[in-house]
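Undergrad: Can you keep this structure in mind? I'll have questions shortly.
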Amino acid sequence: MKYCSRCGGAITRNIPPGDTRERYVCTQCGEVFYENPRMIVGSVPEWEERLLLCRRAIEPRLGLWTLPAGFLENGETTAEGAGRESEEEVGAPVTIGPPLILVNLPRIHQIHLFYLGRLEKLPSSPGHETLETGLFTETDLPWTELAFPSVRLTIEYYFQKRRERRGFPFHIHDLRIERTLQPVAK
Ligand SMILES: [Zn+2]
């Protein structure tokens with residue numbers, strides 16, 4: 001950020017009066033631009049006894065498998081965002097169920113929230129961010145080709161709870177990694 005979106009003045013970094021952290025501050029009008037974590041919402045879409053994954057058609061992690069998810073937009077609820085992202089990436093409607101897991105990623109300033117999802121019909125063609133979709137059981141899932149640690153964590157939790165057959169209690173996990181862009185091979 002170099003110029004103020006309010007007045008066009010130059011931006012600097014400093015600690016505003018009464019604050020405790022460095023912020024982007026406009027040198028002309030004094031506007032403070034706060035940076036806060038971003039929320040990623042998605043789903044764990046089930047089809048009969050299998051889980052749907054999307055193979056990424058975009059960077060980062062192009063060609064690797066992920067759960068459908070994306071940035072929450074202004075004006076939508078987390079469940080609405082999860083449904084929208086799922087339908088866009090899968091190419092078929094996904095009914096959003098209860099929340100399954102929230103993953104805090106404080107090092108990269110993100111929060112990932114995944115809902116249980118039910119695939120309403122098999123996709124004929126995926127969205128433009130997806131190369132292909134696949135339906136997997138726990139044993140034939142591409143464990144060594146998953147795109148993100150939070151996705152691996154979510155899928156592991158999902159199958160663990162399914163094996164235990166006592167429902168899916170909402171779980172909060174803190175993942176203190178430097179970046180999401182690192183190898184996730186098991
Ligand atoms: Zn300004």
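The values are calculated or read from the model by the stated rules, or taken from the named source; none is laboratory data. Bear in mind that the values here come from a model prediction, so they are computed numbers and not experimental data. Reconstructed Cβ throughout: ideal geometry from the backbone, glycine too, with neighbour counts over all protein chains shown.
Undergrad: Hey, can you tell me all the residues within segment 126-154 that are of a type in the set (A, V, I, L, M, F, W, C), part of a helix (DSSP H, G or I) and more than 21 Å from MET39 (Cβ to Cβ)?
TA: Matches in segment 126-154: TRP143 only.
Undergrad: Sticking with this structure for a sec: How many of the residues in segment 77-122 are more than 26 Å from GLN160 (Cα to Cα) and touching a residue at least 40 places away in the same chain (Cβ under 8 Å)?
TA: Of the residues in segment 77-122, 5 are more than 26 Å from GLN160 (Cα to Cα) and touching a residue at least 40 places away in the same chain (Cβ under 8 Å).
Undergrad: Limited to segment 53-99, what total is found for residues that are in contact with a strand residue (DSSP E or B) (Cβ under 9 Å, 6 or more places away or on another chain), at positive phi and loosely packed, with under 14 Cβ neighbours inside 10 Å?
TA: 1
Undergrad: Have a look at THR20, THR78, THR66 and point out the one that is hydroxyl-bearing (Ser, Thr, Tyr) and assigned by TED's automatic domain parsing to the domain that holds ARG6.
TA: One residue alone meets the criteria, THR20.
Undergrad: Please state which one of GLU31, GLU22 is farther than 22 Å from PRO149 by Cβ and in contact with a Cys (Cβ under 7 Å, 6 or more places away or on another chain).
TA: After ruling out the rest, the residue left standing is GLU31.
Undergrad: (1) more than 20 Å from GLY63 (Cα to Cα); (2) touching a Phe, Trp or Tyr at 6+ places or on another chain (Cβ under 8 Å); (3) modelled with pLDDT under 95: which one isn't true of THR180, the others all being true?
TA: Among (1) more than 20 Å from GLY63 (Cα to Cα); (2) touching a Phe, Trp or Tyr at 6+ places or on another chain (Cβ under 8 Å); (3) modelled with pLDDT under 95, THR180 violates only (1).
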